[in-house]
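Asker: Structure incoming, see below.
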Amino acid sequence: MKSAILPLAVVFSLSLLPASRSEAAIPLFNGTCPGGLEIHADEGGPVYVNGRETRLKKFNDDYFEASDSNSGVTLSITRSPDGGVQMSYTGKGGANGVCTVGGSSAGAARATGAAPATEVTCESVGKAQTECDMDTHGDVQVVRQLSRTECVQGQNWGLYHHSVWVKDGCRAVFRNVPGGSRAPSRRPAGAGNELLGACNVRAKADGALVTRVPVNDQTTELIVDYPDGRFLCMVRNDGLVESLTPIRKRGQ
């Protein structure tokens, strides 16, 4: 049987085809996570935490986990359709949070060893939720409201461990007042709980929230532990679950 010979023009055309999604790899990026963690990823890996190489595991073309046995930190790294990167982390003692990718003034302060900002301006654009890095160990207060919308703690602004969040049009200057006691950390009313509830309905099980990362103004990424393993839940802020993807079986 004679072997088929492709014309040279066809061979050349095939060589110019774009790489398939199966060849997608982790992109080059830098980032920072609460607790002074400095993250660097080379194109295709590896990923480093404070200069230490991590164990990188790829679950699919858009989701990776990088584990640092020294600090006990696991990074959850997600590639968005537009090529961007979202990252969150879990650590010892139940520590978890959202990381900053691409550098920021807060990240630069941590890189140089400076203290996190004790006063920040944080703005909700188009009523969307926004998180701003700041030192929240103390009495965080609104020192100057910049929006027409009144900023009310627990309703349209509140605190995480290393950031302040605003939503529904709140824009204000927040200051950490020394000597005060830290205000309770509260998530936006109806945000984390309702989105987790939507994922639970889709999974037909009660899950434990690991991390929550805003992807854009309409969609949020939740990483949830269910009885049969860890799942990535992409859910719209109106409660519509776009996808529920298993990323780790129980016991792995």
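FYI, it's all coordinate maths here, none of it is from the lab. If you're wondering where the values come from, they're calculated on a predicted model, not measured in any experiment. Cβ sites come from the backbone with ideal geometry, for glycine too, and all protein chains shown count toward neighbours.
Asker: How much net charge surrounds Ala66 when only other residues with a Cβ under 15 Å from its Cβ are counted (Lys, Arg +1; Asp, Glu -1)?
Answerer: 0
Asker: For segment 161-175, list residues with backbone N below 11 Å from a point placed 7 Å from the Cα of Val201 toward its Cβ?
Answerer: Counting backbone N atoms under 11 Å from the label point, the list is empty.
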